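The values are calculated or read from the model by the stated rules, or taken from the named source; none is laboratory data. Model, not experiment: these values are computed from the prediction. Note that each Cβ is placed from the backbone with ideal geometry, even for glycine, and that neighbours are counted across all protein chains shown. Side chains included, ligands, DNA and RNA excluded: accessible areas come from the protein's heavy atoms. Shrake-Rupley method; radii C 1.70, N 1.55, O 1.52, S 1.80 Å.
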Amino acid sequence: QVQLVESGGGFMQAGGSLRLSCAASGGTSNRNAMAWFRQAPGKEREFVAAISYRSTSTVYGDSVKGRFTISRDNTMNTVYLQMNSLKPEDQAVYYCAGRDSNQVYTSPHNYNYWGQGTQVTVSS
């Protein structure tokens, strides 16, 4: 069973940057594609970015393309989300997710494992 723990959330002014981390433990393997999702109050969970195990495939949501970068360090079992040029509409709880396959997907229904989430607050 894979456990995921996010960190790095916090408060930032618009235009600033934050980097989120997701540490994985327990049962990780080279089959694990990983992703970030976010959810704002009253809204559905939204796809942010996903990455395959060897980083050969990355996918981004339209609202974050060109501003966010997903990466991973498999030696550290950690996935990162670098968020630049933050906007107030980026404010949400950000969740790390993993799946028992190397195929990346944009739907949360395709991911088996979830972290507890980390809050990102962006002021205008």
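So the values come out like this:
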item: Gyration tensor (alpha-carbon) shape descriptor, segment 67-124, a/c threshold 1.5; result: prolate
item: In sequence order, calculated HN-Hα J values of segment 36-47 (Karplus, 6.51, -1.76, 1.60; Hz; x Gly/Pro); result: 10, 10, 9, 9, 9, x, x, 10, 6, 5, 10, 5
item: Global geometry of the chain, whether rounded, prolate or oblate, following the gyration tensor of its Cα atoms and the 1.5 cut on a/c; result: prolate
item: Calculated FRET value between Gln13 and Gln103, using beta carbons and R₀ = 41 Å, to 0.05; result: 0.65
item: Net lengthening on full extension, Ser25/Ser123 (0.36 nm per residue, minus Cα-Cα); result: 32.0 nm
item: Accessible carbon and sulfur surface of segment 1-113 relative to its total accessible area, %, 1.4 Å; result: 45
item: Counting DSSP beta bridges with both ends in the chain, the antiparallel % (nearest 5); result: 90
